[in-house]
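> Take a look at this one; I'll ask things after.
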Amino acid sequence: MPVSLCDGLQTNCRRKTVSQHIIEFVSDAGEGAQTAGQCLGTISAKMGNGIWTVEIIPAEVEPPRRSRAGASGNRVRIGSGRITNAGDQADLVIAFNEQVLYSRFDVGAIREGTLILLDDKWAESDDEHIRNEFHDAVEDFKSRKADLRFIPIEAETKKIIRDPRHGKNIWALGLVCALYDRDLSLAEIEIAKKFAKKSQEIVDTNLRLLHAGYDWALANTDIRFSIPAEPSDVPKIVVNGNIALALGIMSAGIEVCSMYPITPATSISHYLAEAFPKMGCIVHQSEDEISAIGFAIGASFAGKTPVTITSGPGLALKNEFLALAVMAELPIVVIVVQRGGPSTGLPTRVEQGDLLSALYAQPGDAPKIVLAPSTHEECFHFVITARKLAETFRTPVILLSDANLATGQQPIPRPTPRASWFEPPIDLSDWDETVPPFAWDPETGLSQRPIPGQKNGHYVVTGLAHDTYGHVAYESSINENAMRARSRKLATLQHALKPPVVHGDPNGGDLLVVGWGSPRGAIEEAVDTLRAQNINVSSVTLKFLSPFEPGLKELFAKYKRVLCIEINYSDPPSFGDARRYSQLCTILRAHTLCDIDCWSHVPGIPLTPNDIEQAILDHLAHA
Amino acid sequence: MTNITDWTLEPRMREFELGDYIGAAPRWCPSCGNHTVLKCLQKLCKDLNLPPEKTVVVSGIGCSSRLPHHMGTYGFHSLHGRALPVACGIRARRPDLSIFVVTGDGDCCAIGAGHWLHALRYNMKMTVLLLDNNIYGLTKKQTSPTTPAHTRTNTHPNGAPLDPVNPIATAISMTNASFVAQCVDWLPEHLYNTLLRAQSHPGLSFIRIRQRCPHFMKGHLDAFINDTDKLQLLTDPNGVATGSLTQTYKTVSHDPTDIALATKISRQTDPIPLGLIYLNESAVRYDEFTQKGIITSEEEKLSAIEAELDKFAIT
């Protein structure tokens, strides 16, 4: 099989201009394809392109090599304009071996004509089994009509570094930089940053690898693309959703982040653990999920609104304390980065399966505020909002993010933090002793809380039913009154919210798609595509899930049909009375009494615009 | 040894009375050991003139955990087994508060056992009182981790099958535990002295109080109450003041900083060793970590965030 993609020097190849491309790096775990993808994303963002990245993460730290389940890497979608989601199938895949490449076929990431650059060193392996595997796979790939080409990734890397496992990624990055006309000086900066904590020697080696890959590609391939960037007039930062949340935590003036390690939330604390002390703040790693929220609630009682971060299984453990925070009216922010469930489920994969548990899994009726960011920008700003809401409404606020937002990188306008976003210093002035600690306003349910240190304010927090003084009380009327006050706070908040903004036609149409959280980008892209084909569809993304934004019933009434699209399980309509609806759909049906349908799936990967378009078309066809 | 006599000639700005520390009237059974603990704690607060607004009593769930309601201070009656995480969170950014934790044998040694061990290791400044009556009282006579084997309970009608947990030995064995003491509810003077000694300890002081439960464990400690030879007062210049009790009870000199000796004594259940069993004043305190940077100005914070944003800047 030929190694080069075409003969001779290819410096005169013409570049094909594309408005967007999806590029994937895929390798064994530990070979650094994720690093290559992240660098490509950052370089492209710095060049002014829109990007969205998705990590391809194996469940194990060191899975077996050359295995489908062990595939590790990154998908980078690069566009001329803003990119809001991971897109459909890949345009170009660089694979370090054929088995990890299989994993991309398995998830439907490769279409006919996807350009695949595969290392062919395995064809010459000493191991007959590997040779056979490679041969069989190549035949299979060809039958699937991928545009398969072979490149000597390992052989070329070995010319520079003894252990190619620590060099193939950057060589491949260099190659892609050549294919896509990326600015090499920016790539050099990224490499220097990436390896800054290691030695200068390692930085230098990687720079040589970068240039080697770049030069090889120009000399040996005829693949040339360019993705022109639209210049931006606002300063930007490139972050993944978890970093955006962490920066939001810092900008909200939160001083305590209490956590227990859980995928995919933990990287928030990794970053915070480095950055937070510079602001005089702390990350507390507790002995378990329960203690993490207990510690946060203690800090809250003592006057500091904290954050605790977790994922679905951790949320399950936190529920008893969450109900205490509702009952005791202690402000905390709980960030839940959702993953696949139930139980341990799909730890590194995306799902939106924790909506109902966030709303209802606590003992008894525990009304609280639930928000869902749908973009990286919202990941940042919603933490600041959440902290303020928690204090104003004296309640826990849950922020539902997910694995898709968590690991995907995106450029967002650089925020300008200001002191007014911060938590005010603890007020330890004397408490007016005529005001009880739960002086619920009959209209709003709101009350002010005393902080330890405030003279005359002393009271006892209890999870037991209590009167306005915090005294344990079992009388019916007191219980009814207290429950009403806690619930009334949500109604009060709803009165202060605006109806959600429709993407498309706010005046009505054939179909309104309702979503929440990370699928927003893919939904809106699908809606735009269909609207361009004169299909009368619009979409709306709900930011508040408890309480809902106002006016939903009136909004839904303007459309012939309403369809929830989300990443959690639902039965198909053929199940009739036994049908279980998707989670948002379930509560929207109850809330609005509208006959809302749903299309939801649990593929463990983000919903693609193509799939959503098809679902919308199918839905309209069956109307 | 701690001496509470205040020799400073400055007049106190505020002088508190016992009544300042009294909250709602307790509803424990008459002659329950909890009453003693409550009185000792209130007296301690008064003698140390602790401002009630700067004092927080945290508890879990159980008979003993009702105690915060009966204090005139700030209180946090939390969840079953979870008093210690809450107390650690309160301490995290508040060096100015006096924190007491009240927990029971089920609360601490069963449902909250994980938090108990880790709180000992965190060693944040607070006083933890284990009110150990060897039974679940509030839920009506179930076997607790410290219920003696063969005790008939509602969950083990033919007798508890396992030997009880030894909270003292367990506490001492935890890495970074720094103050482990034992008391009995029928010697309030000694309990008071132990509480007092704990106040000058820099980290977490863990005090187990052997308690009677007149309702569900009638007479279970009578042998120790009726026979003075069954109690042993530990004495040491670093330990708990014994006062007039030495006239009634045997004393044993014990250096609490000797971990080998402490471990040996911790295993002794009859006679009951009373006083400071283990002490390590140089144990690392986690609150020194959590309280770093409490005073950071808004300007410093804003410039730190800007510097972080710079790291992700692309234009």
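The values are calculated or read from the model by the stated rules, or taken from the named source; none is laboratory data. Keep in mind the model is a prediction, meaning the values are calculated, not measured. Here Cβ is always computed from backbone atoms with ideal geometry, including for glycine, and neighbour counts include all displayed protein chains.
> Here is a list of conditions, (1) in a loop (DSSP other than H, G, I, E, B); (2) farther than 25 Å from A:Ile567 by Cα; (3) in contact with a strand residue (DSSP E or B) (Cβ under 6 Å, 6 or more places away or on another chain), and A:Asp365 meets all of them except one; can you say which number that is?
Going through (1) in a loop (DSSP other than H, G, I, E, B); (2) farther than 25 Å from A:Ile567 by Cα; (3) in contact with a strand residue (DSSP E or B) (Cβ under 6 Å, 6 or more places away or on another chain) one by one, A:Asp365 breaks only (3).
> In segment A:415-462, how many are within 34 Å of the chain's Cα centre (by Cα), within 9 Å of chain B (Cβ to nearest Cβ) and crowded, with 17+ Cβ neighbours inside 10 Å?
Result for segment A:415-462: 3.
> List the number of the failed condition for A:Ile478; all other conditions in (1) within 13 Å of another protein chain (Cβ to nearest Cβ); (2) not in a loop (DSSP other than H, G, I, E, B) hold.
With respect to (1) within 13 Å of another protein chain (Cβ to nearest Cβ); (2) not in a loop (DSSP other than H, G, I, E, B), A:Ile478 is out only on (1).
> Condition test on B:His35, is it modelled with pLDDT of 95 or more, in a helix (DSSP H, G or I) and either over 29 Å from A:Pro306 (Cα atoms) or more than 10 Å from chain A (Cβ to nearest Cβ) (or both)?
Working: modelled with pLDDT of 95 or more: yes; in a helix (DSSP H, G or I): yes; either over 29 Å from A:Pro306 (Cα atoms) or more than 10 Å from chain A (Cβ to nearest Cβ) (or both): yes.
Criteria met by B:His35.
> Tell me, yes or no, whether segment A:339-359 has at least one residue that is within 14 Å of another protein chain (Cβ to nearest Cβ) and of a type outside the set (A, V, I, L, M). Steps first, please.
The first filter runs over segment A:339-359 and keeps only residues within 14 Å of another protein chain (Cβ to nearest Cβ), leaving none.
So far as segment A:339-359 goes, no, none of its residues is within 14 Å of another protein chain (Cβ to nearest Cβ) and of a type outside the set (A, V, I, L, M).
> It is to be established whether one or more residues within segment A:315-327 are within 12 Å of chain B (Cβ to nearest Cβ), touching a Leu at 6+ places or on another chain (Cβ under 7 Å), of a type in the set (A, V, I, L, M) and touching a residue at least 24 places away in the same chain (Cβ under 8 Å). Before the answer, list the steps.
We begin by selecting, within segment A:315-327, every residue within 12 Å of chain B (Cβ to nearest Cβ); these are A:317-325, A:327.
In the following step, the residues that additionally are touching a Leu at 6+ places or on another chain (Cβ under 7 Å) were identified as A:320-321, A:324.
Next, from what is left, pick out any that are of a type in the set (A, V, I, L, M): A:324.
With the extra rule that they be touching a residue at least 24 places away in the same chain (Cβ under 8 Å), the set shrinks to A:324.
Within segment A:315-327 (the criterion being within 12 Å of chain B (Cβ to nearest Cβ), touching a Leu at 6+ places or on another chain (Cβ under 7 Å), of a type in the set (A, V, I, L, M) and touching a residue at least 24 places away in the same chain (Cβ under 8 Å)), the answer is yes, since at least one residue qualifies.
> May I ask you to say which residue of A:Pro373, A:Pro347, A:Pro342 is surrounded by 19 or more Cβ atoms within 10 Å (Cβ to Cβ) and outside the structural domain of A:Ser487 (by TED's automatic domain parsing)? Walk me through how you get there before you give the answer.
Details: A:Pro347 fails: surrounded by 19 or more Cβ atoms within 10 Å (Cβ to Cβ); A:Pro342 fails: surrounded by 19 or more Cβ atoms within 10 Å (Cβ to Cβ).
Step by step, each of A:Pro373, A:Pro347, A:Pro342 is checked, and only A:Pro373 is surrounded by 19 or more Cβ atoms within 10 Å (Cβ to Cβ) and outside the structural domain of A:Ser487 (by TED's automatic domain parsing).
> Looking at segment B:208-233, I want the residues that are in a helix (DSSP H, G or I) and have a partner that is polar (S, T, N, Q) with Cβ atoms under 9 Å, at least 6 apart or on another chain. Which pairs are those?
B:Thr228/B:Thr248
> Same structure again: Out of B:His77, B:His69, I need the residue that is closer than 21 Å to B:Ile22 by Cβ, at the interface with another protein chain (Cβ under 8 Å from one of its Cβ atoms) and surrounded by 24 or more Cβ atoms within 10 Å (Cβ to Cβ). Which one? So that I can check it myself, show each step before the final result.
On the way: B:His69 fails: surrounded by 24 or more Cβ atoms within 10 Å (Cβ to Cβ).
Of the residues listed, the single one that is closer than 21 Å to B:Ile22 by Cβ, at the interface with another protein chain (Cβ under 8 Å from one of its Cβ atoms) and surrounded by 24 or more Cβ atoms within 10 Å (Cβ to Cβ) is B:His77.
> Sticking with this one: Could you list, in sequence order, the residues of segment A:574-606 that are of a type in the set (S, T, N, Q) and touching a residue at least 60 places away in the same chain (Cβ under 8 Å)? First the steps, then the outcome.
Let us first name the residues in segment A:574-606 that are of a type in the set (S, T, N, Q), namely A:574, A:582-583, A:586, A:592, A:600.
Listed by number, the residues that qualify are A:Gln583, A:Thr586.
> Kindly indicate whether any position in segment B:39-60 is among the aliphatic types (A, V, I, L, M), within 12 Å of chain A (Cβ to nearest Cβ) and farther than 23 Å from A:Leu428 by Cβ.
No, the conditions are met nowhere in segment B:39-60.
> For segment A:189-239, give me each residue that is aliphatic (A, V, I, L, M), exposed (fewer than 15 other Cβ atoms within 10 Å of the Cβ) and touching a Pro at 6+ places or on another chain (Cβ under 8 Å). Please lay out each step first, then the result.
Within segment A:189-239, the subset aliphatic (A, V, I, L, M) is A:189, A:191-192, A:196, A:202-203, A:207, A:209-210, A:212, A:217-219, A:223, A:227, A:229, A:234, A:237-239.
When the remaining residues are screened for being exposed (fewer than 15 other Cβ atoms within 10 Å of the Cβ), the result is A:192, A:196, A:219, A:234.
Result: A:Val234, single match.
> Only residues that are more than 14 Å from every other protein chain (Cβ to nearest Cβ) and either buried (at least 21 other Cβ atoms within 10 Å of the Cβ) or touching a strand residue (DSSP E or B) at 6+ places or on another chain (Cβ under 8 Å) (or both): list them for segment A:68-81, please.
Going through segment A:68-81, the residues more than 14 Å from every other protein chain (Cβ to nearest Cβ) turn out to be A:68-77, A:79-81.
Within segment A:68-81, A:Gly70, A:Ala71, A:Ser72, A:Gly73, A:Asn74, A:Arg75, A:Val76, A:Arg77, A:Gly79, A:Ser80, A:Gly81 meet the criteria.
> Cβ-Cβ distance below 8 Å, separation of 6 or more or different chains: which pairs start in segment A:222-242 with a residue that is under 22 Å from A:Gln38 (Cβ atoms) and end on one that is basic (Lys, Arg)?
Close Cβ pairs (under 8 Å, with a partner that is basic (Lys, Arg)) amount to A:Phe225/A:Arg15; A:Phe225/A:Lys16; A:Ser226/A:Arg15; A:Ser226/A:Lys16; A:Pro235/A:Arg414; A:Lys236/A:Arg414; A:Ile237/A:Arg414; A:Val238/A:Lys46.
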